[in-house]
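Bear in mind that the values in this text are calculations on the coordinates, not laboratory data. Remember, predicted model here, so these are calculated numbers, not experimental data. Here the Cβ positions follow ideal geometry from the backbone for every residue, glycine too, while neighbour counts run over all protein chains shown.
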Amino acid sequence: MNTATRLSGFALGLAAVFGAAYGVGQLTGPVNVVAAGHDSGDSGHDSGGAGHDSGDSGHEGAAGHLPGGLLVSDRGYTLVPVDAPPGEFAFRIDGPDGGPVTDYDVTHDERMHLIVARRDLSGFRHVHPKLTGDGTWRIASPLDSPGVWRVFADFTPTGGHPLTLGVDVTVPGTLTERELPAPATSATVDGYTVSLSGVPQPGTSTMLTLTVARDGTPVTDLEPYLGAYGHLVALRRGDLAYLHVHPEGSPGDEGSGPGPQLSFATEFPSAGVYRLYLDFRHRAVVRTAEFTVQVKDPGGATEPGAGQATTGPEDGHGVPGHGHD
Ligand SMILES: [Cu+2]
């Protein structure tokens, strides 16, 4: 179901929309757009280092119980997109003193992890911008199609708490809506098949196991990527609440092998539909395997039209004991 929707045109390559929590599917008219009015000067183009990855699992918001990524401002830190030349994305983090933050701790090999996805949960990218002297982060724009994007900045200001802030950014143009794929327990990317097992449950830690194979052969030589053999990001459909989890153990630990299985203790904040993105590195290439997962309340109602993770239609990898009750 592809619907062409014209987003309000904009002279800027990118414009920011703050605070809205609507889905792209609901965009049928002009979008209320607020230009990000902060200038950034030169175009210090820098595509950022070859990937590394990210913060810790589920940074919590100020309220202490919110999933990450829902707030544009938290604990005195605010994510501010700034004007950038075409093809570039730029932003800064304003700190409690009102000025841009310039000192960050390195977490998972990088000082800033930028995760983006369109509001329809397509277009996921995890990239690493470069910090310029005035506190502006710049990168070749990962926002590569028209639509409303959610942009997450995952970082730790020196002396502060780990934070994940989120902001909406509109890329003008003709929007092609992408329907969320049905729940499934197997995903393929570039000849790799990744299988998902485990029964995700809301509000409690659930062990999810992802198994990586290449042309049918289990992959046992995954390479560390940003300090882990895999990085799993989950985004909740509807508000794009953000979870970021890492496999149990670290590379080098006993019991934390380079595949084929990666186990993630994952706590989904609620029932609902989530899109999971597994970044893994093999033979010097980072790939992302994506899954749609439905998290159900135990014994609770199922959202119409979506199956459970372990019972996806293209499930060729039955998981014993999945939780039907
Ligand atoms: Cu990262």
Calculate the FRET efficiency for A140 and E248 from the Cβ-Cβ distance with a Förster distance of 41 Å, rounded to the nearest 0.05.
0.75
If I model a spin label as a point 7 Å beyond the Cα along the Cα-Cβ vector, how far apart are those points for T102 and M207 in nm?
4.8 nm
Could I have the simple spin-label model distance between A265 and V189, label points 7 Å from Cα toward Cβ, reported in nm to one decimal?
2.5 nm
Return the whole-Å distance between the Cα centroid of segment 228-250 and the Cα centroid of segment 72-133.
18 Å
Given a Förster distance of 56 angstrom, what is the FRET efficiency for D215 paired with L66, based on the Cβ-Cβ distance and rounded to 0.05?
0.85
Given points 7 Å out from each Cα along the Cα-Cβ axis, report the R75 to T158 separation in nanometres with one decimal.
1.7 nm
On the first, second and third principal axes, largest extent first, how far apart are the outermost C-alpha atoms of segment 152-213 in Å?
39, 39, 26
